[in-house]
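J.: Can you read through this structure? Questions will come right after.
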Amino acid sequence: MYRNLNSICLKYMIMAFVVKVPANICGQRNLAAFYGCRRKAFTTLGRERSMPSTIVSMSTTPIQHLEKPASGSKNIVLPIMVNDCTGKMGRAVINAAVSAGLNLVPVSFSCSEEAGQTVTINGKDIQLHGPFERENVLASVFEEYPNMIVVDYTVPDAVNDNAELYCKVGVPFVMGTTGGDRERLYKTVDDSKIYAVISPQMGKQVVAFLAAMEIMSEQFPGAFAGYSLQVMESHQASKLDTSGTAKAVISCFQKLGVSFDLDQIQQIRDPKLQIEMVGVPEEYLLGHAFHMYHLTSPDQTVSFEFQHNVCGRSIYAEGTVDAILFLGKKVQEKAEKRIYNMIDVLREGNMR
């Protein structure tokens, strides 16, 4: 997927990651203290290691306020419909989109229990509609806003049905929801010829890291042959599925020669363990993504640690807004390609 990226980019990214290690995690935890907690966490996977490590780390803290674009911005003519707007990601996307000057459509799909309600988010009143009226509502809204883009942050079980609805009505969409039958999802969109950005990971910087990993795995296959791998990922307790990002990184390590099965991933969903063992700041227990990958040589003398930690949801919301703007441009240009991912958005180079 990422083989066309310039290999010079890989060299720059790896050098930057290895040489520059942050002094704290999410502005809350001292790095040494964090790794002390993390090493204890890995005890359940294997014995603790005391040898020096090469650390590749990425940490982000949420940005509380996004600046609005200058007056006259073309973004304001682009309407968006956010499903599910009452969820944490839906709210974060709305806040980021409104701040960026996008036009929020006052309609959203939600569960049956919330159907008929009106909610106010970022000063905007949004009418909620349940599952049984979705097609008529979507068709009506799309007729009123013919250049609209739908943003989907619902639940894994709804991914395929929602995508089929968007394709049936003919509305372009950004699918940020993880899970579902991904093969079926891509086939549905491909058959319909609808424009879509589909990505289980909307954080631009994390996607760039994944791209670098993919380049490394393709250019240096077997570089870590014989090494053992330990993986720990921590997310809010409400996250039902295994991290798609962790799966992607593990796939790269497998190409690099590491033997590892997905059922070996240590998933942390217990808030108490997240604080004491992983080092997640308490204020971000309901919204975080901590990933740690530990490689050890066969003779136990060399280890590598890759880490990327996200507190809050702003990184995903901001990436989603970039994906919306990117997709709107492709629709307007009537681009030949119809299905995109966040790598395509990164390649475009027009991110805010």
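The values are calculated or read from the model by the stated rules, or taken from the named source; none is laboratory data. No experiment lies behind these values; they were computed from the predicted model shown. Note that we place each Cβ from the backbone using ideal geometry, even for glycine, and neighbour counts take in every protein chain shown.
J.: If you go through segment 264-283 one residue at a time, do you hit one that is buried (at least 22 other Cβ atoms within 10 Å of the Cβ) and of a type in the set (A, V, I, L, M)? I'd like the intermediate steps shown before the answer.
T.: Initially, segment 264-283 is screened for residues buried (at least 22 other Cβ atoms within 10 Å of the Cβ), giving 274, 278-280.
Then keep just the ones that are of a type in the set (A, V, I, L, M); that gives 278, 280.
Yes: segment 264-283 contains one or more residues that are buried (at least 22 other Cβ atoms within 10 Å of the Cβ) and of a type in the set (A, V, I, L, M).
J.: I've got another one for you. Which ranges mark the helices (runs of 4 or more DSSP H) fully within segment 163-278 that have 2 or more residues being within 21 Å of the chain's Cα centre (by Cα), basic (Lys, Arg) and under 30 Å from Arg352 (Cα atoms)? Even if it seems obvious, please write down each step before you answer.
T.: Working: elements: 182-192, 204-219, 244-255.
Those helices (runs of 4 or more DSSP H) do not exist here; none qualify.
J.: Pairs please, first residue from segment 218-234 and of a type in the set (Val, Ile, Thr), second anywhere and assigned to a strand (DSSP E or B), Cβ atoms under 6 Å, 6+ apart in sequence or on different chains.
T.: Val231/Tyr293
J.: Is segment 158-167 home to any residue that is surrounded by 21 or more Cβ atoms within 10 Å (Cβ to Cβ) and of a type in the set (Ser, Thr, Tyr)?
T.: Yes, there is a match, as at least one residue in segment 158-167 is surrounded by 21 or more Cβ atoms within 10 Å (Cβ to Cβ) and of a type in the set (Ser, Thr, Tyr).
J.: Out of Lys337, Lys247, I need the residue that is farther than 24 Å from Ile94 by Cβ, at pLDDT below 95 and surrounded by fewer than 18 Cβ atoms within 10 Å (Cβ to Cβ). Which one?
T.: Lys247
Residue-wise test of (1) of a type in the set (A, V, I, L, M, F, W, C); (2) surrounded by 15 or more Cβ atoms within 10 Å (Cβ to Cβ); (3) in contact with a His (Cβ under 6 Å, 6 or more places away or on another chain); (4) at pLDDT 95 or above.
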{"position": "Ile194", "(1), (2), (3), (4)": "yes, yes, no, yes"}
{"position": "Val197", "(1), (2), (3), (4)": "yes, yes, no, yes"}
{"position": "Lys204", "(1), (2), (3), (4)": "no, yes, no, no"}
{"position": "Ser217", "(1), (2), (3), (4)": "no, yes, no, yes"}
{"position": "Gly222", "(1), (2), (3), (4)": "no, no, no, yes"}
{"position": "Tyr227", "(1), (2), (3), (4)": "no, yes, no, yes"}
{"position": "Ser243", "(1), (2), (3), (4)": "no, yes, no, no"}
{"position": "Val258", "(1), (2), (3), (4)": "yes, yes, no, yes"}
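J.: Here are some conditions: (1) part of a helix (DSSP H, G or I); (2) at pLDDT 95 or above. Asp157 meets all but one. Which one does it not meet?
T.: (2)
J.: Just to be sure before I move on: is Leu128 at pLDDT 95 or above, within 16 Å of Gly319 (Cβ to Cβ) and in contact with a helix residue (DSSP H, G or I) (Cβ under 6 Å, 6 or more places away or on another chain) in the structure I sent?
T.: For Leu128, the condition - at pLDDT 95 or above, within 16 Å of Gly319 (Cβ to Cβ) and in contact with a helix residue (DSSP H, G or I) (Cβ under 6 Å, 6 or more places away or on another chain) - is not met.
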